[in-house]
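What follows draws every value from the coordinates through simple rules; no lab data is involved. Predicted, not measured: the structure shown is a model, and the values here were computed from it. With ideal geometry, Cβ positions are generated from the backbone for all residues, glycine too; neighbour counts draw on all protein chains shown.
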Amino acid sequence: MKFKISLTKWIFIGLFAGIAFGYFAPTEWSLALKPLGKLFIRLIKMIVAPLVFSSLVVGLAGAGKGQVGRLLIKSLIWFWLATSVALIIGLGAANIFKPGIGATQSKDLAYQVPAPEGHKTIIEQVVPESIFKALSENAILQMVFFAILFGLALASMGPKAKPVVDFFQAICDAMFKVTSYIMLFAPIGVGAAMASAVGHHGIGVLINLGKLVGSLYISLIVFVILLLIVVKLIMKINLRILFVELKDALVLAFSTTSSESALPLAMESMKKLGVPRSIVGFVIPAGYSFNLDGTTLYLSLASLFIAQASGIELSVSQQITMMLTLIVTSKGVAAVPRASLVVLAATCATYGLPVEWVATILGIDELMDMARTTVNVFGNCLASAVVAKWEKVLPEDAPLVTGILPEDAPLVTGILPEVQVEGD
């Protein structure tokens, strides 16, 4: 009997093999694998800029001037609503579970905290000094801004813009092809990253701040369930088929703790589910700056955890003010591991909370980053489906509506070697 091992299964094999190796092998052996995990992340980050920029330009140019304005407004409405709900749930969980009460810092978990950058105005965060600098730094928010202007310009040019649009379409297609090559390395990269993490922190790291981790996971589950109920009742989207098609991207996001690593797979999956290319190319990349739901929920929960652990009581009005601040400061957070800790450190400094506690959280941040990154990716994919349904451009025969996937396989599933198994 012959069968193919899908990308998901290969990643899980790498994931559990990495955990086992990190636990049983000597620490120095596990840490020696860290460069392989970093290599995989660098390979993914290498293609993010050309993929995001070309997808945005093609999507906006194909949508036309009239639709771009509607897409922007509807996307932002959904992003802000989802972000607000996430923050409220995070604050609620912190007040219900009180994970910081009685907490004590562990010297074993003390690490150097990334210093927050100087305050940047919204103009500095959004408008690039140079598009090439934005591309080189993977500054998604700045890329989105320039791509909107460039895409609108192409849309207004009519047929004369076709050669340019075709050029970016070819780049986009080539980047997805490159993605399929990089995904061959995914199981090794994921396994190496997990081995180094477990080897460095140990399996027992969860015990030190388990209450915080548990509170975060419960909060994220409540948030996702609430989001799914709203989408199911209002948008009539088939949720089963959504999870089936997104499983590879979500597992990759969970394993690597990087939203960027799952971006190519997520975009391809949503297009396969029937969401138009113009919607996918605009909403998902924009969501990587405006709609990191898991990260914003984590920021509100972690901020109150630090306040509780420090014996600082914040009034309801102070918590609301903090929530409003996080709604703004969480926008533009880089979709890469540990970037949210910089925002958390800045929030602590703003509200007089001891920044030293961020170092303690950093010790187990990878465990929490897995969950919040997965929710970030899922939230952005769901947002593209919602906007497509809202725009009434989701076809009636789309898998998200019918619940039936076409027989052709996803872009990168099944590209790994076949395994021969003897038996019935």
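Tabulated results
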{"quantity": "R0 of 60 Å, Cβ-Cβ distance Lys9-Ser315: FRET efficiency to nearest 0.05", "calculated": "0.75"}
{"quantity": "³J(HN,Hα), Karplus 6.51/-1.76/1.60, whole Hz, each residue of segment 321-326, x for Gly, Pro", "calculated": "4, 4, 4, 5, 5, 5"}
{"quantity": "Residue-wise HN-Hα coupling along segment 241-251, computed from phi with Karplus coefficients 6.51, -1.76, 1.60 (Hz; x: Gly, Pro)", "calculated": "5, 5, 5, 4, 6, 8, 4, 4, 5, 5, 5"}
{"quantity": "Residue pairs, from the table Lys162/Lys392; Lys45/Lys160; Lys45/Lys392; Lys9/Lys38, whose Cα atoms sit over 23 Å apart", "calculated": "Lys162/Lys392; Lys45/Lys160; Lys45/Lys392"}
{"quantity": "Taking Leu382, Leu226 and counting other C-beta atoms within 10 Å, the order from fewest to most", "calculated": "Leu226, Leu382"}
{"quantity": "Least to most buried among Arg240, Arg277, Arg70 (fewest other Cβ within 10 Å first)", "calculated": "Arg240, Arg70, Arg277"}
{"quantity": "Taking Tyr298, Tyr288, Tyr217 and counting other C-beta atoms within 10 Å, the order from fewest to most", "calculated": "Tyr217, Tyr288, Tyr298"}
